[in-house]
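Student: Starting off with a structure, shown below.
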Amino acid sequence: MSKHDEDPTPNGELVLQTLALPKDTNSNGDIFGGWLLSQMDLGGAIAAREVARGRVTTVAIGSMGFLRPVPVGSTVSCYCEVTEIGRASVKTLVEVWVKQYDKSDQQKVTEGEFVYVAIDDSGRTRPVPSQR
Ligand SMILES: CC(C)(COP(=O)(O)OP(=O)(O)OC[C@H]1O[C@@H](n2cnc3c(N)ncnc32)[C@H](O)[C@@H]1OP(=O)(O)O)[C@@H](O)C(=O)NCCC(=O)NCCS
C-alpha cells in the first residue's frame, strides 16, 4: 500500500485515541471503515488546526486501503504527520494503529492523506500564518 506499511512503529504524533465499540461494526461484526475514516479526519484536523492556528475544513482525502480488520474492543490510535504547508492548505498523513487489550503490540490498519484548508468565520479561505 505504501512505503510506510512495513514500519514496525507509527509515524507522526499521536493525535487521537479511542475505543472501537459494538455500535461501530459492520455486518461482519468488524469495525466499519467509514467510522475509522471519520476518526482519521478528526485526528488530521486536530493537527491541521494547530498549524493553521484556527478553523480548518477538509478539502480532500486520498485513496486508502485497509490492511486488516479492527476487532471490537481494540484501542484505536491515530498518528499524524504534517507533510506540506501551502498558502491556505495543510497536507497531513494519518496512520491508524490498533491494539487489543490482551496483546502487547499494536498493528497498523491503514493510512491516508487528509488535506485541510484554513478558513475564517465565514467559511472563506484564509492564509495559514507563518510558522516562524
Ligand atoms: C475548502 C474550501 C473553502 C476551499 O475553497 P476554494 O475556493 O476551493 O479554495 P482555493 O481554490 O483557494 O484552494 C485553497 C487551497 O486548497 C487546495 N485545494 C483545493 N482543492 C483541493 C483538492 N481537491 N485537493 C488538494 N488541495 C486542494 C488548493 O491547492 C489551495 O492550496 P494553497 O492555498 O495551499 O495553495 C471550499 O472548497 C469548501 O468550502 N469546501 C467544502 C469543505 C467541507 O465542507 N468539508 C467537509 C466535508 S463535507
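Student: Once fully extended, how much extra length lies between ASP121 and THR57, figured as 0.36 nm per residue of separation less the alpha-carbon to alpha-carbon distance?
Tutor: Taking ASP121 through THR57 to full extension adds about 21.9 nm, to one decimal.
Student: Got a sec to turn the phi values of the range 103-117 into Karplus ³J(HN,Hα) couplings, 6.51 cos²θ - 1.76 cosθ + 1.60 with θ = phi - 60°, whole Hz, x for Gly and Pro?
Tutor: These are the phi-based 3J(HN,Hα) values: 10, 8, 10, 9, 10, 6, 9, 6, 8, x, 8, 10, 10, 10, 10 Hz.
Student: Let me ask something additional. At THR75 and ASP30, where each label point lies 7 Å from the Cα along Cα→Cβ, what is the point-to-point distance in nanometres?
Tutor: Label-label distance for THR75 and ASP30, simple model: 2.2 nm.
Student: Highest mean first, what order results for 115-123, 32-40 on Cβ atoms within 10 Å?
Tutor: 32-40, 115-123
Student: Using Cα-Cα distances under 8 Å and only pairs 6 or more residues apart, what relative contact order does the chain have, in percent?
Tutor: Relative contact order here is 28 percent.
Student: Another question, if that's okay. Per DSSP H run of n ≥ 4, the term is -39500 (n - 2.57); total these for the chain, divide by its residue number, and report the mean residue ellipticity at 222 nm rounded to 500 deg cm²/dmol.
Tutor: -5000 deg cm²/dmol
Student: Over the alpha-carbon set of the chain, divide Rg by the Kirkwood Rh and report the Rg/Rh ratio to two decimals.
Tutor: The Rg/Rh ratio comes out at 1.01.
Student: Hey, what angle do you get for helix 33-52 against the long axis of the chain, alpha-carbon based, 0 to 90 degrees rounded to 10?
Tutor: Compared with the principal axis, the helix lies near 30 degrees.
Student: Label-point separation (nm) for LEU67 and GLN107, each offset 7 Å from Cα along Cα-to-Cβ?
Tutor: In this crude spin-label approximation the distance works out to 1.0 nm.
Student: Counting other Cβ atoms within 10 Å, keep those with at most 16, restrict to DSSP loop, and tell me which trypsin sites (Lys or Arg not before Pro) in the range 12-88 are left.
Tutor: ARG53, ARG55, ARG87
Student: For VAL59, enumerate residues with amide H under 5 Å from its amide H, sequence gap 5+ or separate chain, H modeled in the peptide plane.
Tutor: Sorted by chain and number, the residues that satisfy this are VAL115, TYR116, VAL117.
Readers should treat all values here as calculations from the given coordinates under stated rules, not as data from a laboratory. Owing to the predicted nature of the structure, the values given are computational and were not obtained by experimental measurement. Cβ: placed from backbone, ideal geometry, glycine included. Neighbour counts: every protein chain shown.
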